[in-house]
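Report on one structure; see the data block that follows.
The values are calculated or read from the model by the stated rules, or taken from the named source; none is laboratory data. In this text, all values refer to a predicted model and were calculated from it rather than measured experimentally. Every residue, glycine among them, receives a Cβ derived from its backbone with ideal geometry; neighbour counts consider all protein chains shown. Please note that ligands, DNA and RNA were not included when accessible areas were found on the heavy atoms of the full protein model with its side chains. Shrake-Rupley method; radii C 1.70, N 1.55, O 1.52, S 1.80 Å.
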Amino acid sequence: MGRGEGTVGGSLLAGLDGVVRVLLPVSCPGCGCPDVVVCPSCRHRVLSGPALHRILVDGTPAVASASWRGPAAGLVGGLKERGRTDVLDVLAAALARAVALLLWPAEGGPRHDAGPPVPPVLPGAGGPVLLVPPPATWRAVVRRRDRPGERLAGHAADRLRRAGADVVAVPALALRRRVVDQAGLGRVAREQNLTGAHRLRPGLGGVVAGRDVVVVDDVVTSGATAVEAGATLRAAGARVVGTASVAHA
Ligand SMILES: [Zn+2]
């Protein structure tokens, strides 16, 4: 018998849980499985499957915790399109895993599900490693009234800090000009859409200068967004270690 069962409080809580489920039916956005925020299978595939590695066109490494062809797409869509903030923890764990594999590849493998490893040495010259998400598009901010990319970066940094890593999330980038949604564009069009589109937020040039920086995103498709973010950060004096994401498409 679990704690609380067989008591008035336990019965009350069980009853309330039933009420909440009726009012707010929940299902796994990865597979549609009912009555669970993220099912064990989707959680396992996003957090514990083989990580994906590639090199972006600017020569920097990019690591993802999962493939976009699995449940990651549904989980990210749940957060960004349907406001499923209850999946944020799983996505942040996946992003933290990718960051750990990028920064500390030797230690990063086997312990991801229990939390990222404790890094003994940072790759750069001291000070926290900065996790920088690409800027949210204006359309997305207006439509969603939220910046899920920044929340995801912040939660991933929290996880890494709890594991002992000196990591902070800094939403250092903003859009310099309007860009169209990358979805549906080919690779060349994506690069043209984004080249020169990012800038540092006012006052944050001094924060990123001289720092080790990881560009973090939910999904890396062509890599154009990550490359543009990296170029802007490098121009501000940051050392861009690479890109980490929940998924690679
Ligand atoms: Zn599922």
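Taking into account only those residues within segment 38-60 that are open to solvent by 50 Å² or more (accessible area, probe 1.4 Å) and closer than 14 Å to residue 221 by Cα, which is farthest from the ligand (Cβ to nearest atom)?
The residue in question is 57.
Between 211, 239, which is touching a Leu at 6+ places or on another chain (Cβ under 8 Å) and in contact (Cβ under 8 Å) with a residue 24 or more places away in the chain?
The match here is 211.
Could you grab the pairs with beta carbons closer than 6 Å, sequence gap of 6+ or different chains, first residue in segment 65-87 and in contact (Cβ under 8 Å) with a residue 12 or more places away in the chain, second one of a type outside the set (A, V, I, L, M, F, W, C) and away from the ligand (no atom under 12 Å from the Cβ)?
65/97; 66/49; 76/218; 78/84; 79/148; 80/148
Quick test for you: out of 139, 234, 162, 187, pick the one residue that is open to solvent by 40 Å² or more (accessible area, probe 1.4 Å) and at pLDDT 95 or above.
The conditions single out 234.
In contact (Cβ under 8 Å) with a residue 12 or more places away in the chain, within 21 Å of residue 91 (Cβ to Cβ) and open to solvent by 40 Å² or more (accessible area, probe 1.4 Å), is that true of residue 226?
no
Looking only at residues in segment 28-37 that are in contact (Cβ under 8 Å) with a residue 12 or more places away in the chain and near the ligand (Cβ under 6 Å from one of its atoms), which one is farthest from residue 91 (Cα to Cα)?
Restricting to residues being in contact (Cβ under 8 Å) with a residue 12 or more places away in the chain and near the ligand (Cβ under 6 Å from one of its atoms), the top hit is 31.
Output the number of residues of segment 61-82 satisfying the condition of being hydrophobic (A, V, I, L, M, F, W, C) and more than 16 Å from the ligand (Cβ to nearest atom).
Within segment 61-82, residues that are hydrophobic (A, V, I, L, M, F, W, C) and more than 16 Å from the ligand (Cβ to nearest atom) number 3.
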